[in-house]
Amino acid sequence: MFDPLAAVRRPADPPVDVFLTGTVFLDIIFTGLDTAPVRGTESWARGMGSSPGGVANMATALARLGLRTSLAAAFGDDMYGDYCWDSLENGEGIDLSLSHRIPGWHSPVTVSMAYEGERTMVSHGHEPPPCGSVFLPEAAPGAPPPVRACIASLAPGRCEEWTAAAASRGARLFADVGWDESGRWDLASLRDLEHCEAFFPNAEEAMRYTRTDCPRLAARALADTVPLAVVTMGSEGAFAVDGGTGEIAEAPAVDVEALDPTGAGDVFVAGFVTGSLAGWPLADRLAFAGLTAALSVKEFGGSLSAPGWAEVAAWWQHVKAYNDQPAETLRRYAFLDALLPPAAPPLSPAGAAAPRQPRRAVPTIGFRRL
């Protein structure tokens with residue numbers, strides 16, 4: 001596993017790079033739909049996949065980029081919970097020591113239908129028991145263990161005790177956000193934002209929070225409130241403003257053949273956090289985050305579509321060899337030459353183990369292992 005933080009690690013550093021908490025879903029994804037389902041009819045999808053979803057999307061993306069990731073979440077004690085736990089802990093190497101299994105609680109499920117470059121989701125689940133929301137060690141109540149960074153999922157009116165505690169211990173906080181169901185779009189209602197160094201709304205969310213009609217103007221307005229505003233703009237790429245230095249960066253979207261956009265926003269945040277912890281320039285962080293998000297939409301599902309360094313390197317080698325991207329892309333991603341790990345040596349003689357391939361979403365979760 002390539003370690004993007006190797007150059008900045010010190011013996012006294014925390015053992016965990018990133019901590020996050022949230023709800024893990026079992027995602028069932030249908031792709032290859034020509035249109036949205038029509039009432040009273042039956043639609044057949046040309047593709048299907050299953051994978052852990054929800055907060056697992058971001059946790060998996062972080063782990064596949066080489067960050068030591070700790071996840072605190074509730075897991076049902078059903079087969080879906082078994083599958084998600086095994087996929088994350090054994091398949092991705094994510095630390096689940098702060099996660100718990102909840103007896104009698106079934107796993108939340110989301111069905112995602114991808115068509116016309118967008119997706120529609122239907123979810124079902126119940127809130128876990130009070131002891132199953134965030135699992136923090138008794139030795140450090142109200143805070144995760146020592147970590148480099150935390151990713152907080154903000155919601156209007158909600159204040160999580162652990163975010164302030166983590167920030168007071170020196171952890172760097174990055175803030176994701178979801179749709180404001182209340183419709184008020186009051187930035188002051190995101191109470192934990194004051195502890196965060198970067199904020200990642202999409203274009204629509206950013207414009208609603210700032211009462212502007214342009215995502216770039218929205219990012220500039222947000223930079224008056226948060227140290228770093230990063231606004232994702234879909235097919236237009238991403239735009240960032242550093243509120244402290246005034247630095248501005250923009251990265252165009254990477255052109256790929258999209259299969260399923262589920263989880264792309266989570267992968268974007270993971271890519272940006274990776275570059276931030278490694279100390280890269282703002283423009284490189286933004287471009288890398290956009291690239292990882294673009295590579296993720298080429299595969300089924302959210303978590304198991306996340307790329308690793310092998311996929312990033314393969315894309316870059318292809319771009320340089322075939323020159324099938326705009327010239328600006330070659331210039332923008334030239335930093336990858338110095339960043340990417342050395343190419344793998346040739347395969348050893350027949351009989352040697354093949355390099356480990358990342359898990360991908362498959363139609364079912366119950367194959368017996370022979």
Summing +1 for each Lys or Arg and -1 for each Asp or Glu, what net charge is found among the other residues whose Cβ lies under 12 Å from the Cβ of Leu88?
-3
Total charge of the residues flanking Arg68 in space, meaning their Cβ is under 15 Å from its Cβ, with Lys and Arg +1 and Asp and Glu -1, is -1
Looking at the chain, what % of its DSSP beta bridges pair antiparallel, to the nearest 5?
50
Skipping prolines and chain starts, which residues have an amide H placed within reach, meaning under 5 Å, of the one on Gly237, given they are 5 or more residues away or on another chain?
Ala253
Interchain or long-range residues, amide H under 5 Å from Leu154's placed H
Asp176, Val177, Gly178
Taking amide hydrogens as modeled 1.01 Å from N in the peptide plane, which residues meet the under 5 Å criterion relative to Phe25, leaving out close sequence neighbours?
Gly53, Gly54, Val55, Ala56
Estimated inter-spin distance, Lys298 and Tyr322, nm [label 7 Å along Cα→Cβ]:
0.9
Could you work out which residue, out of Leu96, Leu173, Leu62, moves most in a Gaussian network model of the chain, that is, has the largest mean-square fluctuation with Cα springs under 10 Å?
Leu96
Taking just the alpha carbons, could you work out the radius of gyration and Dmax for the chain, both in angstroms?
20.3, 63
Packing-based ranking, highest mean first, of 231-241, 176-186 given that Cβ atoms within 10 Å are counted
231-241, 176-186
If the only charges are +1 at each Lys and Arg Cβ and -1 at each Asp and Glu Cβ, what is the size of the charge dipole of the chain around the Cα centre, to the nearest 20 debye?
680
State, as an integer percentage, the relative contact order of the chain based on alpha-carbon contacts under 8 Å between residues 6 or more apart.
17
HN-Hα couplings for the stretch 178-188 via Karplus (6.51, -1.76, 1.60; θ = phi - 60°), in whole Hz with x for Gly/Pro, come out as x, 5, 7, 5, 6, x, 7, 6, 9, 4, 5
Which ³J(HN,Hα) values in Hz, rounded to whole numbers, follow from the phi angles of the stretch 261-275 under the Karplus curve 6.51 cos²θ - 1.76 cosθ + 1.60, where θ = phi - 60° and Gly and Pro get x?
x, 4, x, 4, x, 5, 5, 4, 4, 4, x, 5, 4, 4, x
Sorted from fewest to most neighbouring beta carbons within 10 Å, what does the list Glu116, Glu299 look like?
Glu116, Glu299
Expected sort for Ser87, Ser168 with the fewest Cβ neighbours (10 Å cutoff) up front is Ser168, Ser87
In sequence order, what are the phi-derived ³J(HN,Hα) couplings for the stretch 21-31 according to the Karplus relation 6.51 cos²θ - 1.76 cosθ + 1.60 with θ = phi - 60°, rounded to whole Hz, with x for glycine and proline?
9, x, 9, 9, 9, 8, 9, 10, 10, 10, 10
Once the piece of chain linking Arg46 and Ser168 is laid out straight, how much longer is it, given 0.36 nm per residue of separation minus the C-alpha distance between them?
38.9 nm
Fully extended contour minus Cα-Cα distance, from Arg331 to Arg158, at 0.36 nm per residue
58.0 nm
What nm distance separates the two modelled labels at Arg39 and Thr120, each placed 7 Å from Cα along Cα→Cβ?
1.1
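Any read-out appearing in this document is the output of simple, stated calculations on the displayed coordinates, not a laboratory observation. What you are looking at is a predicted structure, and each value in this text was computed from that prediction instead of being measured. Every residue, glycine as well, gets a Cβ built from its backbone with ideal geometry; the counts of neighbours run over all protein chains shown.
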